[in-house]
1. Would you list, by chain and number, the lysines whose Cα falls below 26 Å from the Cα of K40, excluding same-chain residues fewer than 8 positions away?
2. Summing +1 for each Lys or Arg and -1 for each Asp or Glu, what net charge is found among the other residues whose Cβ lies under 12 Å from the Cβ of V184?
3. Just in segment 1-94: which GluC sites (Glu not before Pro) are loop by DSSP and have at most 15 other Cβ atoms within 10 Å?
4. How big is the gap, in Å, between the Cα center of segment 39-72 and the Cα center of segment 134-188?
5. Could you tell me whether segment 3-181 comes out rounded, prolate or oblate from its Cα gyration tensor? Rule is a ≥ b ≥ c as square roots of the eigenvalues, rounded for a/c under 1.5, then prolate if a/b exceeds b/c, otherwise oblate.
6. At a 10 Å Cβ-Cβ cut-off, how would you order L35, L90, fewest neighbours first?
7. Hey, fewest Cβ within 10 Å first, where do T31, T173, T15 land in order?
8. Taking trypsin sites (Lys or Arg not before Pro) that fall in a DSSP loop and have at most 16 other Cβ atoms within 10 Å as cut points, what is the longest piece of the chain between them?
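Derivation of every value follows stated rules applied to the coordinates shown; laboratory data play no part. Treat the numbers as computed from the prediction; the structure is a model and nothing was measured. Heads up, the Cβs are rebuilt from the backbone with ideal geometry, glycines too, and the neighbour counts pull from every protein chain shown.
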Amino acid sequence: MNIVLLGAPGAGKGTQGEILAGKLGVPKVATGDMLRSAVKAGTPLGKQAQAYMEQGELVPDEVILGIVEEKLASADAESGVIMDGFPRTLAQAVAIDELLSARGSRVHKVVNFAVPDGELTVRLLGRAAVEGRADDTPETVRKRLEVYRKETEPLISYYQKQSVVKSIDATGTVDEVAVRVDEVIAVP
């Protein structure tokens, strides 16, 4: 099963994606984590992505799609993947549909994590303090939320047309949100 987790930065996609991947036994494709690892390692991809990330901008599609395509081709992704933070744009959504179609598959479910902006800001700034993330400053948080509204939020309508999206209230404890995710995904 291929599942997309949608929601603004700080909505809880990463945490819930880890939980869900463990329950379903499929890998979590978290492009943000992959990019941060590349930046930390100083790879050419990481250096290219770093300038975009530090300004709260989206990393170009060709970089992201290359990472995702490699993961989809891996043996551990044969039973599906949890896509956390990808796709982020309509072009990426169309591209992932094409990549999956070429493999005889599709996006089966989309979970949209709904969280008020005020709580998102508090979560992101708290995460920055705990994890030392340079890409979560007050300025970049504001910019990332603006970019999300413009570039990613339209994917909700895109997936609604495919009848695969369900929105959940992503406020509350990790366990409360996990129950809501399980209900939408129909996890046994």
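1. Partners within reach: K13, K28, K71, K143.
2. Numbers: positive: K109, K166, R180; negative: D169, D182, E183.
Once positives and negatives cancel, what remains is 0.
3. Within segment 1-94, the qualifying GluC sites (Glu not before Pro) (loop, at most 15 other Cβ atoms within 10 Å) are E57, E78.
4. Spelled out, the Cα-based centre of one part sits 21 Å from the other.
5. Since a/c stays below 1.5, the shape of segment 3-181 is classed as rounded.
6. L90, L35
7. Exposure proxy ranking, most exposed first: T173, T15, T31.
8. By the stated rule (loop sites, at most 16 other Cβ atoms within 10 Å), 1-102.
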